[in-house]
Amino acid sequence: MDIPNIDDADQSYVADVFLRYDWKDRRLANGRDTPCTVPLAAVWHPDVLMVNRRSVESQMNEVVEIQPDGSVRYVQRLYGGFSLALDLRSFPFDKQRLPVTLVARYAPEEVRLIPDDELLAASKSLSNPNWLIGSPEASAGEYQVVPGRTITQLQILFPAERRSDYYVWKLIVPMSFVVFMSWAAFWISPQNIAPRIGLAATSMLTLIAFRLALGSSLPPIPYLTQFDVFTVGATMLVFAALVEAVATTALWDRERKQLAHRLNHVSKVLFPAAFAVVVAFSFGRFAISV
């Protein structure tokens, strides 16, 4: 029904889900003309659990509808948090799969959970503004409880693609302009050390502030994302601009003015080329996949 929130830092998402289970129990067939409703606990049921549930609450009564031929139907609406393992290597251009993992407390040869493709669907008006949620897919299989002990499993996966516009316009583009700002030192005479060093130092501090602002929204992961690679590359370029500013000023003080001007001139070409390499290395895989 809805997936209103996906929390990267907590590696969880909130979902509003309808589930319907149908099975047949011939012991309940008694030839009556109309179906009846009884409590779920009063009849045999597959006792389905959600493996990745965190704080999920049932919204409907725990009852089943029994048809005269023994067909049983149980419908439940569930709302709450589910855990998921995020792969953020391509952040902020990543795609995730949001799981709802269902298991029954029976061996696969005793009970099987079979998806009904006609019922498997997602609402077209989901309220999450930061992600594009696609049509779900389901797969039946086995869940290993302990070595040598398996139970039946049904996993429903919702494909989700992050809307990257926010990160592009609010982070990547401004950070790029910060890097460009550090290059302004190349157009200032090496004898003016204060504004040259000030530009590079200010750019460095601004990049660090951007990184700290984003850090609270992502979990502590042991690998670099595409955005991390871009940030590290941008920081290295700004630091290199600071080193260049100090080096050209030192050459100027030693009366090597021609070499200082030449280094400034080369930097005007070298640094933009290096920035293009950083962008291609950081987001090149995303561009190729698109």
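Of the residues that make up the stretch 5-15, is at least one closer than 22 Å to LEU113 by Cα and among the aromatic types (Phe, Trp, Tyr)?
Scanning the stretch 5-15 turns up no residue that is closer than 22 Å to LEU113 by Cα and among the aromatic types (Phe, Trp, Tyr).
Is there a residue in the stretch 255-266 that is among the aliphatic types (A, V, I, L, M), in contact (Cβ under 8 Å) with a residue 40 or more places away in the chain and either surrounded by 15 or more Cβ atoms within 10 Å (Cβ to Cβ) or assigned to a helix (DSSP H, G or I) (or both)? Outline the logic, then answer.
Our first condition is that a residue be among the aliphatic types (A, V, I, L, M); within the stretch 255-266, this holds for 259-260, 263, 266.
Next, from what is left, pick out any that are in contact (Cβ under 8 Å) with a residue 40 or more places away in the chain: 260.
Now restrict to residues that are either surrounded by 15 or more Cβ atoms within 10 Å (Cβ to Cβ) or assigned to a helix (DSSP H, G or I) (or both): 260.
Looking through the stretch 255-266, at least one residue is among the aliphatic types (A, V, I, L, M), in contact (Cβ under 8 Å) with a residue 40 or more places away in the chain and either surrounded by 15 or more Cβ atoms within 10 Å (Cβ to Cβ) or assigned to a helix (DSSP H, G or I) (or both).
Could you tell me which of the residues VAL277, VAL243, VAL238, VAL269 is open to solvent by 90 Å² or more (accessible area, probe 1.4 Å), over 28 Å from the mean Cα position of the chain (by Cα) and over 30 Å from SER12 (Cα atoms)?
After applying the criteria, what remains is VAL269.
Kindly indicate the residue of the stretch 46-87 that is in a loop (DSSP other than H, G, I, E, B) and of a type in the set (A, V, I, L, M) and also nearest to LEU98 (Cα to Cα) among those meeting that condition.
If we take residues in the stretch 46-87 being in a loop (DSSP other than H, G, I, E, B) and of a type in the set (A, V, I, L, M), then LEU84 is nearest to LEU98 (Cα to Cα).
This table checks each residue for (1) surrounded by 15 or more Cβ atoms within 10 Å (Cβ to Cβ); (2) out of contact with any strand residue (DSSP E or B) (no Cβ under 7 Å at 6 or more places or on another chain).
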site	(1), (2)
THR150	yes, no
GLN153	yes, no
PRO159	yes, no
ASP165	no, yes
LEU171	yes, yes
TRP183	yes, yes
ASN192	no, yes
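Give me the pairs: first residue in the stretch 64-83 and farther than 27 Å from ALA9 by Cα, second residue open to solvent by less than 30 Å² (accessible area, probe 1.4 Å) and hydroxyl-bearing (Ser, Thr, Tyr), beta-carbon distance under 7 Å, and six or more apart or on different chains, which are they?
Pairs found: VAL64/TYR74.
Quick check, is ASP47 acidic (Asp, Glu), surrounded by fewer than 14 Cβ atoms within 10 Å (Cβ to Cβ) and out of contact with any strand residue (DSSP E or B) (no Cβ under 9 Å at 6 or more places or on another chain)?
Working: acidic (Asp, Glu): yes; surrounded by fewer than 14 Cβ atoms within 10 Å (Cβ to Cβ): yes; out of contact with any strand residue (DSSP E or B) (no Cβ under 9 Å at 6 or more places or on another chain): no.
Spelling it out, it is not the case that ASP47 is acidic (Asp, Glu), surrounded by fewer than 14 Cβ atoms within 10 Å (Cβ to Cβ) and out of contact with any strand residue (DSSP E or B) (no Cβ under 9 Å at 6 or more places or on another chain).
Would you check if there is a residue in the stretch 111-129 being assigned to a strand (DSSP E or B) and open to solvent by 50 Å² or more (accessible area, probe 1.4 Å)? Give the steps one after another, and end with the answer.
Initial filter on the stretch 111-129 (assigned to a strand (DSSP E or B)): none.
No, because not a single residue in the stretch 111-129 is assigned to a strand (DSSP E or B) and open to solvent by 50 Å² or more (accessible area, probe 1.4 Å).
Need the failing condition index for ASN61 against (1) touching a residue at least 12 places away in the same chain (Cβ under 8 Å); (2) open to solvent by 30 Å² or more (accessible area, probe 1.4 Å); (3) not β-branched (Val, Ile, Thr), just the number.
(1)
Is it the case, given these coordinates, that ASP94 is open to solvent by less than 50 Å² (accessible area, probe 1.4 Å) and of a type in the set (Asp, Glu)?
yes
Could you look through the stretch 28-43, keep only residues that are surrounded by 11 or more Cβ atoms within 10 Å (Cβ to Cβ) and closer than 24 Å to LEU154 by Cα, and pick out the one that is nearest to the chain's Cα centre (by Cα)?
LEU40
When VAL179 is evaluated against the numbered criteria (1) surrounded by 14 or more Cβ atoms within 10 Å (Cβ to Cβ); (2) of a type in the set (A, V, I, L, M); (3) without any contact (Cβ under 8 Å) to a residue 24 or more places away in the chain, which criterion, by number, is the only one it fails?
Failing condition for VAL179: (3).
Examine the stretch 199-220 for a residue that is free of Cβ contacts under 8 Å to residues at least 24 places away in the same chain, outside any helix (DSSP H, G or I) and surrounded by 12 or more Cβ atoms within 10 Å (Cβ to Cβ), and state whether such a residue exists.
Taking every residue of the stretch 199-220 in turn, none turns out to be free of Cβ contacts under 8 Å to residues at least 24 places away in the same chain, outside any helix (DSSP H, G or I) and surrounded by 12 or more Cβ atoms within 10 Å (Cβ to Cβ).
The values are calculated or read from the model by the stated rules, or taken from the named source; none is laboratory data. Since the model is a prediction, treat every value here as computed from it, not as a measurement. Cβ: placed from backbone, ideal geometry, glycine included. Neighbour counts: every protein chain shown. Accessible surface areas use protein heavy atoms only, side chains included; no ligands, DNA or RNA. Shrake-Rupley method; radii C 1.70, N 1.55, O 1.52, S 1.80 Å.
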